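Presented below is the structure to which this report refers.
The values are calculated or read from the model by the stated rules, or taken from the named source; none is laboratory data. Since we're looking at a predicted model, the values are computed, not measured. In this analysis, Cβ positions are derived from the backbone assuming ideal geometry, glycine residues included, and neighbour counts consider all displayed protein chains.
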Amino acid sequence: MPPHQPVASSLPFATHSIALADLTDELHAATSTALLEAAEVEPAPVAAEPPPTRRPGERIDWARIWPFLLLQACCLLVFVVGWSPVALIVCGALYLVRMFGITAFYHRYFSHRTFQAGRVVQFAGAVLGASAVQRGPLWWAAHHRQHHRHSDTPQDAHSPHAHGFWWSHIGWIACRRNYATDLTQVPDLARFPELRWLDRNDLAVPFALLAAMLGLGALLEAFAPSLGTSALQMGVWGFCVSTTLLFHGTASINSLAHLMGKRVWPTKDKSKNSLLLALLTLGEGWHNNHHWCPGTVRQGFRWWEIDVAYYGLRLLALFGLVRDLRPLPARALANERRVRQSRG
């Protein structure tokens, strides 16, 4: 971890509610790339792109990436262990639940603070996100906040326009430059010792999940043999396959969501909206919407823009687990009307 470690919070680990008003106003002002003034309604002409480049020190560290490659190689074990309906159900369920952890908590809560949660729910969301094997919550949020500040420029670690498709999809996470968590980007999160611990020990939850899958498979094999599963089968389908699909689904927002789809709003980057990516990622595919107004909890702005993560957060709000979901601000709605009028 970097040496700039904040002072730990002395608040009790209970249901303490986190005050966000000042922080979120500052964060949204810093990360919004497209709440345009009147003179900026029309998008600037798109210039020809220079060839993708790398900054000094941006090389894949193969010693670091081999566990990730091994995880994906283990998916080939499906031809050894076979399949069963229960293994496929667990695989699909873990994909959806962990994608919700990434979309709702790692992204919309930790990165953008678009709703409020008590400390217990905050930690539960962090554990759920960590189970996706995409590093810790502070690391994830720090990089994402930098992405919004420098979107589709050479300073954006995973821009396909600045660095190429494969680097934006997978290469950047295996670059030594991007290993450390920059706590200066997440001072609001780094004050919680439990989040810092989870960030330092980001493999603890994935290994616990793998052990749980192996144990579940062994129990089902012993006590419900008619289901036709086993410890190894559940480990392969429930952990390896679902985690690999989950990674590529999430990574597609970094790569494909800046290359394919429709640009509805004249943002200062090249983000796009895609129904296909939205379905695969529980709403993240409305990426141009998100870059137009990153401070709102919903990314599907219209009724037909399916945003499952937003629906899930609304459900959690009904039960009092989260609250103060940030709607589209009045300024964004005014800009929307202005843009539509300008396009006739």
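Per the conditions (1) touching a residue at least 40 places away in the same chain (Cβ under 8 Å); (2) part of a helix (DSSP H, G or I), the sole criterion not satisfied by Gln134 is (2). I'd like to check something: does region 181-189 contain any residue that is over 24 Å from Lys270 (Cα atoms), out of contact with any helix residue (DSSP H, G or I) (no Cβ under 6 Å at 6 or more places or on another chain) and either in contact (Cβ under 8 Å) with a residue 60 or more places away in the chain or among the small types (Gly, Ala, Ser) (or both)? Yes.
The condition of being modelled with pLDDT under 95 and either in contact with an Asp or Glu (Cβ under 9 Å, 6 or more places away or on another chain) or among the aliphatic types (A, V, I, L, M) (or both) holds for only one of Ala30, Ala117, that being Ala30. Taking the criterion of being of a type in the set (Val, Ile, Thr), surrounded by 22 or more Cβ atoms within 10 Å (Cβ to Cβ) and either without any contact (Cβ under 8 Å) to a residue 12 or more places away in the chain or assigned to a loop (DSSP other than H, G, I, E, B) (or both), would at least one residue in region 256-265 satisfy it? Looking through region 256-265, none of the residues is of a type in the set (Val, Ile, Thr), surrounded by 22 or more Cβ atoms within 10 Å (Cβ to Cβ) and either without any contact (Cβ under 8 Å) to a residue 12 or more places away in the chain or assigned to a loop (DSSP other than H, G, I, E, B) (or both).
Looking only at residues in region 150-164 that are surrounded by 19 or more Cβ atoms within 10 Å (Cβ to Cβ) and of a type outside the set (Gly, Ala, Ser), the one that is nearest to Ser255 (Cα to Cα) is Pro160. Of the helices (runs of 4 or more DSSP H) lying entirely inside region 149-212, those containing at least 3 residues that are among the charged types (D, E, K, R) are 193-200.
Taking region 165-197 as the range and being among the basic types (Lys, Arg) and surrounded by 19 or more Cβ atoms within 10 Å (Cβ to Cβ) as the test, only Arg196 passes. Summed over region 114-149, the residues that are under 17 Å from the mean Cα position of the chain (by Cα) and over 30 Å from Met213 (Cβ atoms) give a count of 7.
Restricting attention to region 213-231, the residues that are assigned to a helix (DSSP H, G or I) and in contact (Cβ under 8 Å) with a residue 12 or more places away in the chain add up to 9.
Screening region 234-279 for residues that are at pLDDT 95 or above and touching a Pro at 6+ places or on another chain (Cβ under 7 Å) and picking the one that is farthest from Phe207 (Cα to Cα) gives Leu259. Scanning region 285-344 for residues that are at pLDDT below 95, assigned to a helix (DSSP H, G or I) and of a type in the set (Gly, Ala, Ser) yields Ala330, Ala332, Ala334, Ser342.
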